[in-house]
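Since every read-out is calculated from the coordinates, none of them should be taken as a lab result. Values in this document were obtained by computation on a predicted structure and should not be read as measured data. Quick reminder, even Gly has a Cβ in these numbers, built from the backbone with ideal geometry, and neighbours come from all protein chains shown.
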Amino acid sequence: MSTEILVRVEGLERYYGEHAAVRGVSFDVKRGEVLGFLGPNGAGKSTTMQIIAGSLAPSAGQVIVNGADILDRPREAKRQTGYLPEQPPLYRELTVDEYLRYSARLHGITRKGIDSAMQRAKSRCGLNDAGRRLIGNLSKGYQQRVGIAQAIIHSPAVVILDEPTVGLDPIQVREIRSLIRELGGEHSVILSTHILPEVQTICDRVQIIHQGSLVLNEDLADLSTGMPGAELTVGFREPPAAGLLKDTFGLAHVESIGAGRFRLRPEPGTDPTDELVSRSVSEQWGLNELTPHRQSLEDVFVQLTCGEDPSAESPSSGVAEEAAT
Ligand code: ATP
């Protein structure tokens, strides 16, 4: 993936009356990157995507798409983006070809270039045989392909897809996902979804927005190796008391899981592993296991959007009762 930044979002805000739907959101998207945009209902995903696509004005902040500021040079910025909204903007009474021709003209493609642009978009989206079919008669999956075809017909640098696999059957989901993955090769893709495995399958990076603010922006590769503050399992031949471990390393939670093993939860942003190793040697605890707990994306999502760690059984002292072995 290139290091070139195609979308830069800085301090984005959007108010609906008094209500802040998006507050102070900043992030970048690189060329060739597929960015998964997650958040609970009403978190501000669609609002952010509409602003980047140039179909909604921000209340404050800046969005630059491939060098063009969406407020200063809106036409140029819009030329660089393709957008599939949550409700695809399809005309059911048109054929696929009629609709794509119309979309091509809306995107400012010259008369000469329209046929080849349509051919390219149809072939990428598996619509070669569907040109003469009425959109209203197509299955939901094919309608979604037409929605994606209109979003890429002008070969934009950035493709924005709002929940593109909602309502599709598993085979259609698989096809649309592989299409999105392919699009990521040439374009940058911003994808919102509620399906967490979808993000793990097709995205390079994930962002979580909660109540209008970004609470996570992480490479998927880094996320799979565990977040700072994630749990550890440790085991000792001569185990210290759980309370001693908690106090010595300033841990948020310690749970004994038997046979000299403990599950430890550090305070967020702290990493006690080096200290654990050196103290185990100096105190002769006989450290024989130290395994970082891998958090699933679902763990991270629930933790960040519910305000608490779902894995916590949270006794108030932070030290769980000694488990029976
Ligand atoms: P979902 O996952 O349900 O699609 P979302 O993360 O896309 O949610 P948005 O649609 O961006 O969320 O909405 C963010 C907030 O802004 C919500 O509280 C929503 O009610 C509010 N909102 C969105 N559009 C409008 C509008 N036109 N007028 C007033 N409030 C709005």
- Message: Please give the Cα centre distance for region 1-80 versus region 222-298, rounded to the nearest Å.
- Response: 40 Å
- Item | Vicinal HN-Hα couplings computed from phi for region 51-63 (Karplus, 6.51 cos²θ - 1.76 cosθ + 1.60; Hz; Gly/Pro x) | 5, 5, 6, x, 9, 8, 7, x, 7, 7, x, 9, 10
- Query: How many nm separate the modelled label positions at Glu13 and Arg111, each set 7 Å beyond the Cα in the direction of the Cβ?
  - Reply: 4.9 nm
- Bridge type composition, the chain - antiparallel percent by DSSP, nearest 5: 65 percent
- Value of Rg to Rh for region 147-237 (Rh from inverse mean 1/r over Cα pairs, i.e. Kirkwood): 1.08
- Query: In units of 2.2 N^0.38 Å, what is the alpha-carbon radius of gyration of region 93-149?
  - Reply: 1.03
- Query: Using a simple spin-label model with points 7 Å from Cα along the Cα→Cβ vector, what separation in nm is obtained for Gln119 and Asp219?
  - Reply: 4.0 nm
- Query: Got a sec? Charge dipole of the chain, +1 on Cβ for Lys and Arg, -1 for Asp and Glu; which of Thr248, Leu138, Ala221 is way out at the positive end?
  - Reply: Leu138
- In angstroms, what radius of gyration and Dmax does the chain have, counting Cα atoms only? 24.5, 79
- Query: Between the DSSP loop rule and a limit of at most 10 other Cβ atoms within 10 Å, which GluC sites (Glu not before Pro) in region 196-284 are left?
  - Reply: none
- Message: Can you compute the FRET efficiency between Glu98 and Glu289 using 1/(1 + (r/R0)^6), with r the Cβ-Cβ distance and R0 = 56 Å? Round to the nearest 0.05.
- Response: 0.30
- Task: Could you tell me which of the pairs Lys45/Lys140; Lys78/Lys122; Lys45/Lys78; Lys45/Lys122; Lys78/Lys112 are separated by over 25 angstrom between their Cα atoms in the structure shown?
- Result: Lys45/Lys122
- Task: Report, by chain and number, residues whose modeled amide H sits under 5 Å from the one on Leu138, excluding near sequence neighbours (fewer than 5 apart, same chain).
- Result: none
- Item | Estimated vicinal HN-Hα couplings, Hz - region 84-100 in sequence order (Karplus 6.51, -1.76, 1.60; Gly, Pro = x) | 10, x, 4, 9, x, x, 9, 9, 5, 8, 9, 7, 4, 4, 4, 5, 5
- Quotient of Cα Rg and 2.2 N^0.38 Å for region 231-293, N being how many residues it contains: 0.96
- Amide H to amide H under 5 Å from Ile190: which residues, 5+ apart in sequence or cross-chain, H placed 1.01 Å off N in plane? Leu35, Val159, Ile160, Leu161
